[in-house]
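**Q** Would you mind keeping the following structure in view while I ask a few things?
The values are calculated or read from the model by the stated rules, or taken from the named source; none is laboratory data. Predicted model, so just to flag it, every value in this text is computed and none were measured. Cβ placement follows ideal geometry from the backbone for every residue including glycine, while neighbour counts extend to all protein chains displayed. Quick note on the areas: whole protein, heavy atoms, side chains included, nothing else; ligands and nucleic acids left out. Shrake-Rupley method; radii C 1.70, N 1.55, O 1.52, S 1.80 Å.
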Amino acid sequence: MSMSDEEDLTPEKVEAVQQDLTSSMNPPTWKWFLLSGFLGLVVIWGAIAWGYQIRMGLGVAGINLPVMWGFYIVSFVFWVGLSHSGTMVSAILRLTKAEWRRPILRGAEAMTVFAIMVAGTFPLIHLGRPWKLLYFLPIPNQRGLWPNFRSPLLWDIMAITVYIIGSSLFLYLGMLPDLAIVRDRSSGWRKKLYSMLAMGWRGTAHEWRVFARASTLMAVLIIPVAVSVHSIVSWDFAMTLVPGWHSTIFAPYFVIGAIFSGVAAVITLMVIIRKAFHLEAYLRPIHFDNMGKILLTVSLLWSYFYFAEILTTWYGHKPIEWEVFIFTGEKYCFLLGLMVLGNSFITIPALCFKRIRRSVPAMLLISLFVNVGMFIERFLIIVPILSHRNVPFIWGDYRPTWVEVSIMVAAFAGFALLYTLFAKFFPIVSINDMLEGEHFKSEARLGRAKLKTIITDE
């Protein structure tokens, strides 16, 4: 179906939109089972690797003294970063009432929830003895012990818990009208499931008023929560006295980096959703153009913060920090160059051209470059600084083992599996938002037509 601006919002068009946007929920094909089965096997392999680590101890990972944080914490920071932009982009676009936002919001909000779920598993994996997690939680226990509230690790637990609850509510609230639509189009066990999830939604005027107020309120509240979460993650590093970490710029630098990687991930998912569910009529080049402009803006901000950090280190020339800086540049020069290419030198010039921003394959390639660059950036923040501390006799090296790589790959597979299952059971593009947009278009055309008639009559 074509989403033409010349068509009025007729009952036939409403039905066609609903049919298009629920097509992903049709009975699964063998391709869907094959993809889900493959992703499930990768997740199971990662669970086996984690079980092996629990049985044998953290010695089977590449973590050592002084590099006590390896791929697990790199992945944790990366996934928390991915989770930010989905909710923030959705909330900001809702508050600014950008009309082009409508087909993007649901996919971005779902990305937030699944990414933060994946991120939350890595501190547990890194703990080595997951049954000790209880001692991180601020709850009374029989030994009379309480966590150290000055510890940034406790801040992580509390921030992630608040964020996963808030982002889940934000996603669920926006889905209520769609759940009612799917309920009325379903039968059998699906109808019972969606009836329960829709919570008796009937689409009355009072319900729509409450829905609009609640959506605006959640959009306002979720933005400071998202900013605070990645600020707290940055303080895991900045609150220490380790050279290269103890910096006041880390919180805004991490927040910008999170938005940067998150926007790129949203673009990647837009391309996949568009191709997999044949939504070319809804996810059009203009959406990639606008998301490309956002990515360009955030890339410029990230480049500025990175330049400011390098400049102050170079100009200050503090011996300890300069030693770490030189070590990173010498030993990890290839990764450093790849990061700067992917995040700045390729992304910024390319996104200046409208033709590239409107090219779906080009935007996919650029978004993948950015996410590879941002994963490398998290690695370069953690590993080189820990392996080259200020005391030479504890210098060391870090090489990830098959256990860490298996768990990291399983995390990507787990995220993809959750997203695949979500798209099969729920509309991946908001039906309500798309119909609302078409309704506003019809009203705008009617208003212009009336105005033209009045002027002509006069």
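**Q** Could you check, for the stretch 4-15, whether at least one of its residues is modelled with pLDDT under 80 and within 30 Å of residue 164 (Cβ to Cβ)? Spell out how you get there, then give the answer.
**A** Taking the stretch 4-15 as the starting set, the residues that turn out to be modelled with pLDDT under 80 are 4-15.
Those still in the list that are within 30 Å of residue 164 (Cβ to Cβ) too: none.
No, because not a single residue in the stretch 4-15 is modelled with pLDDT under 80 and within 30 Å of residue 164 (Cβ to Cβ).
**Q** Moving to a separate point now. Is there any pair with a first residue in the stretch 200-221 that is farther than 15 Å from residue 172 by Cβ and a second that is assigned to a helix (DSSP H, G or I) and open to solvent by less than 90 Å² (accessible area, probe 1.4 Å) whose Cβ atoms are under 8 Å apart and which are 6 or more apart or on different chains, and what are they?
**A** 202/180; 203/177; 203/180; 216/94; 216/95; 220/91; 220/95
**Q** Could you give me the residue pairs with C-beta distances under 9 Å whose first residue belongs to the stretch 148-175 and is touching a residue at least 60 places away in the same chain (Cβ under 8 Å), whose second residue is open to solvent by 70 Å² or more (accessible area, probe 1.4 Å) and part of a loop (DSSP other than H, G, I, E, B) wherever it lies, and which are 6+ apart or on separate chains?
**A** As it stands, the answer is 152/239; 155/149, since those pairs meet every condition given.
**Q** Oh, and also: Looking at the stretch 179-194, which of its residues are more than 29 Å from the chain's Cα centre (by Cα) and part of a helix (DSSP H, G or I)?
**A** 184, 189, 191, 192
**Q** If you take the residues in the stretch 49-63 that are touching a residue at least 12 places away in the same chain (Cβ under 8 Å), closer than 25 Å to residue 418 by Cα and open to solvent by 30 Å² or more (accessible area, probe 1.4 Å), which one is nearest to the chain's Cα centre (by Cα)?
**A** 50
**Q** Moving on to the next point. So which residues in the stretch 91-109 are open to solvent by less than 40 Å² (accessible area, probe 1.4 Å) and either within 19 Å of residue 257 (Cβ to Cβ) or modelled with pLDDT of 90 or more (or both)? Reasoning before the result, please.
**A** Keep residues of the stretch 91-109 that are open to solvent by less than 40 Å² (accessible area, probe 1.4 Å), which gives 91, 93, 98, 101-109.
Answer for the stretch 91-109, where residues must be open to solvent by less than 40 Å² (accessible area, probe 1.4 Å) and either within 19 Å of residue 257 (Cβ to Cβ) or modelled with pLDDT of 90 or more (or both): 91, 108.
**Q** Next question. Is it true that some residue in the stretch 135-147 is open to solvent by less than 10 Å² (accessible area, probe 1.4 Å) and at pLDDT below 90?
**A** Step one: list which residues in the stretch 135-147 are open to solvent by less than 10 Å² (accessible area, probe 1.4 Å), which gives none.
No; the residues of the stretch 135-147 include none that is open to solvent by less than 10 Å² (accessible area, probe 1.4 Å) and at pLDDT below 90.
**Q** Identify, by number, the condition in (1) at pLDDT below 85; (2) over 16 Å from the mean Cα position of the chain (by Cα) that residue 86 doesn't meet.
**A** Of everything listed in (1) at pLDDT below 85; (2) over 16 Å from the mean Cα position of the chain (by Cα), residue 86 misses just condition (2).
**Q** Additional query: Take the stretch 244-268 and flag every residue that is of a type in the set (S, T, N, Q) and either crowded, with 21+ Cβ neighbours inside 10 Å or within 9 Å of the chain's Cα centre (by Cα) (or both). Explain how you work it out, then say what you get.
**A** Going through the stretch 244-268, the residues of a type in the set (S, T, N, Q) turn out to be 247-248, 261, 268.
261, the sole residue that qualifies.
**Q** Only residues that are in a helix (DSSP H, G or I) and of a type in the set (Ser, Thr, Tyr): list them for the stretch 15-67, please. Let's see the steps before the verdict.
**A** Taking the stretch 15-67 as the starting set, the residues that turn out to be in a helix (DSSP H, G or I) are 15-21, 23-25, 30-56, 58-60.
Residues satisfying the conditions are 23, 24, 36, 52.
**Q** Which members of the stretch 282-292 meet the condition of being open to solvent by 30 Å² or more (accessible area, probe 1.4 Å) and either over 15 Å from residue 107 (Cβ atoms) or in contact with a strand residue (DSSP E or B) (Cβ under 9 Å, 6 or more places away or on another chain) (or both)? Quick ask: steps written out before the conclusion?
**A** Narrowing the stretch 282-292 to residues open to solvent by 30 Å² or more (accessible area, probe 1.4 Å): 284-286.
285, 286 - these are the residues of the stretch 282-292 that are open to solvent by 30 Å² or more (accessible area, probe 1.4 Å) and either over 15 Å from residue 107 (Cβ atoms) or in contact with a strand residue (DSSP E or B) (Cβ under 9 Å, 6 or more places away or on another chain) (or both).
**Q** Of all residues in the stretch 219-240, count the ones that are assigned to a helix (DSSP H, G or I), in contact with a His (Cβ under 9 Å, 6 or more places away or on another chain) and farther than 16 Å from residue 115 by Cα. Steps first, answer last, please.
**A** At the first step, the residues of the stretch 219-240 found to be assigned to a helix (DSSP H, G or I) are 219-238.
Imposing the further condition that a residue be in contact with a His (Cβ under 9 Å, 6 or more places away or on another chain) reduces the set to 226-227, 229-230, 237-238.
Within this subset, residues satisfying the condition of being farther than 16 Å from residue 115 by Cα are 237-238.
Number satisfying all stated conditions: 2.
**Q** Sort out which residues of the stretch 298-326 are in contact with a helix residue (DSSP H, G or I) (Cβ under 6 Å, 6 or more places away or on another chain) and either open to solvent by 30 Å² or more (accessible area, probe 1.4 Å) or closer than 24 Å to residue 363 by Cβ (or both), and write them in order of number.
**A** Across the stretch 298-326, the qualifying residues are 298, 299, 301, 302, 303, 305, 321, 325.
**Q** How many of the residues making up the stretch 195-210 are assigned to a helix (DSSP H, G or I) and touching a Leu at 6+ places or on another chain (Cβ under 8 Å)?
**A** Of the residues in that region, 2 qualify.
**Q** Looking at the stretch 370-390, can you tell me whether even one residue there is farther than 18 Å from residue 244 by Cα, free of Cβ contacts under 8 Å to residues at least 24 places away in the same chain and of a type outside the set (Gly, Ala, Ser)?
**A** No, there is no match, as no residue in the stretch 370-390 is farther than 18 Å from residue 244 by Cα, free of Cβ contacts under 8 Å to residues at least 24 places away in the same chain and of a type outside the set (Gly, Ala, Ser).
**Q** Out of 175, 158, I need the residue that is at pLDDT 85 or above and either more than 24 Å from residue 275 (Cβ to Cβ) or not polar (S, T, N, Q) (or both). Which one?
**A** Working: 158 fails: at pLDDT 85 or above.
Of the residues listed, the single one that is at pLDDT 85 or above and either more than 24 Å from residue 275 (Cβ to Cβ) or not polar (S, T, N, Q) (or both) is 175.
**Q** Kindly indicate the residue of the stretch 331-367 that is closer than 19 Å to residue 254 by Cα and touching a residue at least 60 places away in the same chain (Cβ under 8 Å) and also surrounded by the most Cβ atoms within 10 Å (Cβ to Cβ) among those meeting that condition.
**A** 343
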